[in-house]
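Read through the structure below, which is laid out as structure tokens, and then see the notes.
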Amino acid sequence: MRVLLKTVKDRTGAEKLRGKLLFVESSEAAPPPEGGYYIHDLIGCEVRTREGTFVGRLEDVMETPGQHLWAVRNGDAVHHIPAVKDFIVSVDTGTKEIIVSLPDGLLEE
């Protein structure tokens, strides 16, 4: 990804920023790619099964080499759900609701 900053005029100035965090106002951020979501929009979403069963509230997204893992908390239990198309039915960041279709046994401890 490339970013152009008004206050950085050359490569030397850009090198000084290597490894630093960049914060952007949501209103100025580019939209996520088709079918993608910003992590901060997913945090706090209620996760339910297709049948309406409450799974928990998404509290963290972990980036792993294979896929993202969603940490979904329900009381003391934290379920780690792979964020893959086969499991995600719908995501509505406006209503903060995610519908999933999970294989048997995924939520068992």
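The table that follows gives values for the structure above.
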item: Test set (1) among the charged types (D, E, K, R); (2) exposed (fewer than 11 other Cβ atoms within 10 Å of the Cβ); (3) at pLDDT 95 or above - ASP86 fails condition number; result: (3)
item: Count of residues meeting criterion [assigned to a helix (DSSP H, G or I) and open to solvent by less than 70 Å² (accessible area, probe 1.4 Å)] in region 23-63; result: 3
item: Residues within region 1-27 that are among the polar types (S, T, N, Q) and at pLDDT 85 or above, tallied; result: 2
item: Long-range neighbours under 9 Å by Cβ, at least six apart or interchain, first residue in contact (Cβ under 8 Å) with a residue 24 or more places away in the chain and among the charged types (D, E, K, R) within region 29-45, second open to solvent by less than 40 Å² (accessible area, probe 1.4 Å) and not in a loop (DSSP other than H, G, I, E, B); result: ASP41/VAL91
item: Failed criterion for VAL78 (all others in (1) surrounded by 11 or more Cβ atoms within 10 Å (Cβ to Cβ); (2) at positive phi; (3) of a type outside the set (Phe, Trp, Tyr) hold); result: (2)
item: Residue among GLU97, GLU59, GLU108 that alone is acidic (Asp, Glu) and in contact (Cβ under 8 Å) with a residue 40 or more places away in the chain; result: GLU97
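The values are calculated or read from the model by the stated rules, or taken from the named source; none is laboratory data. Since the model is a prediction, treat every value here as computed from it, not as a measurement. Cβ sites come from the backbone with ideal geometry, for glycine too, and all protein chains shown count toward neighbours. We work out accessible area using only protein heavy atoms, side chains counted, and drop any ligands, DNA or RNA first. Shrake-Rupley method; radii C 1.70, N 1.55, O 1.52, S 1.80 Å.
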